[in-house]
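The values are calculated or read from the model by the stated rules, or taken from the named source; none is laboratory data. Computed from a predicted model, the values in this text were never measured in an experiment. Here Cβ is always computed from backbone atoms with ideal geometry, including for glycine, and neighbour counts include all displayed protein chains. Remember, those area values only see protein heavy atoms, side chains included, never the ligands or the DNA or RNA. Shrake-Rupley method; radii C 1.70, N 1.55, O 1.52, S 1.80 Å.
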Amino acid sequence: MSLKISIAHLYPKLLNLYGDRGNVITLIKRCEWRCIEVEFEEINTGDSIKDHDLYFIGGGQDKQQIEVAGELYLQKNNLTDQRDKGAVFLGICGGYQLMGHYYRPFDAEQLNGISLLDAYTVAGKKRFIGNVTAVTDFLEPRTLVGFENHSGLTYLQGETKPLATVTTGNGNNGQDKTEGGRYKNVFGTYLHGSLLPKNPHFADYLIELALEKRYNDKITLDKLDDALEYQTHNSLINKSY
Ligand code: GLN
């Protein structure tokens, strides 16, 4: 059976800090290498957002987040419906912050988020910059590695659980050892890098969730030769500089 998934990249012209686009490239290539057809579209300011199996939103400075927040908020009900239908979301840093209830920058008005995650973010006094290693309870290998650069402090509540527990770096807020958040198939994280090229097991996990949503059936992906990806991943585990 030939498989297909549809992927939307939300506001790449504004939220693409540290080449977060690399996450979308990884998802597309890991599908193509398995002959899974990918329908892909970029959503920019003013575009309507259609039904997709997977939505990606990257990170950005406060200025870009302010520009995107208004647009994204107009799509809140639509994207909430998508979440509740099982669509997969991956938000990185600024995009992650806007998936919560609000982001209060240091010197700007509070930005409404779209509440896909039961979380909120307030600007901290210190900017967290550096490598991060965090341990999940659902991936194999357990680890995620990446790079953080944010002043926002994110706090999770309700049924939104951490994506992982920090072993190196700061993660959500530098206080509670949590990194990222997850609710249903919505995933947020502070890990730039970009994240997925160095964490192929997480990329495949997201692709399998997107296929399960589309075909209403659990589909296990064929393994790829990820020797180079894991050589990079392993070289970064608990490396703080
Ligand atoms: N502007 C936000 C912050 O500083 C997000 C930064 C980012 O996306 N790297 O917390």
Whole angstrom only: what separates the Cα centroid of segment 1-70 from the Cα centroid of segment 211-229?
18
Once you charge only the Cβ atoms, +1 for Lys and Arg and -1 for Asp and Glu, what is the size of the charge dipole of segment 121-160 about its Cα centre, to the nearest 20 debye?
340
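Treating only the Cβ of Lys, Arg, Asp and Glu as charged (+1, +1, -1, -1), what charge dipole size does the chain show about its Cα centre? Round to the nearest 20 debye. Please report the intermediate quantities before stating the final value.
Numbers: 26 positive and 31 negative charges, 107 e Å.
It works out to roughly 520 debye.
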Would you work out what percent of the accessible area of the chain, with all protein chains in place, is carbon or sulfur (probe 1.4 Å)?
49
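Helix-only estimate, please: 222 nm mean residue ellipticity of the chain, summing -39500 (n - 2.57) across DSSP H runs of length 4 or more and dividing by its residues, to the nearest 500. Walk me through the intermediate numbers first.
Numbers: 6 runs with 65 residues, N = 241.
For the chain, the value works out to -8000 deg cm²/dmol.
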Of K125/K177; K177/K213; K50/K125; K29/K126, which pairs sit farther than 28 Å apart, going by alpha carbon to alpha carbon?
K177/K213; K50/K125; K29/K126
What is the local net charge at N234, summed over the other residues whose Cβ is closer than 13 Å to its Cβ (Lys, Arg +1; Asp, Glu -1)?
+1
Given charges at Cβ of Lys, Arg, Asp, Glu: segment 1-144 dipole, positive-most of I25, I129, P141:
I129
Looking only at lysines whose Cα falls under 16 Å of K63's and that sit 8 or more positions away or on another chain, we get K13
With springs only between Cα atoms under 10 Å, which of K76, K125, K29 fluctuates most in a Gaussian network model of the chain?
K125
Please find the FRET efficiency linking K218 to K29, where r is the Cβ-Cβ separation and R0 is fixed at 25 Å, and quote it to the nearest 0.05.
0.65
The chain, Gaussian network, Cα under 10 Å: of G181, G146, G70, the residue fluctuating most is G70
Cut-off 14 Å, label point 7 angstrom out along Cα-to-Cβ of I66: give me the residues of segment 7-35 whose amide nitrogen falls inside.
none
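What size of dipole, in debye to the nearest 20, comes out for segment 1-141 about its Cα centre when the only charges are +1 on Lys and Arg C-beta atoms and -1 on Asp and Glu C-beta atoms? Provide the component values of the computation, followed by the final result.
Numbers: 15 positive and 19 negative charges, 84 e Å.
Approximately 400 debye in magnitude.
Please give the per residue accessible area of the chain, computed with a probe of 1.4 Å over protein heavy atoms only, in Å². Please list the in-between numbers first.
Numbers: 10580 Å² over 241 residues.
Accessible area per residue: 44 Å².
Taking DSSP loops as anything outside H, G, I, E and B, show the longest stretch in the chain free of GluC sites (Glu not before Pro) there with at most 13 other beta carbons within 10 Å.
Of all site-free stretches, the longest is 1-108.
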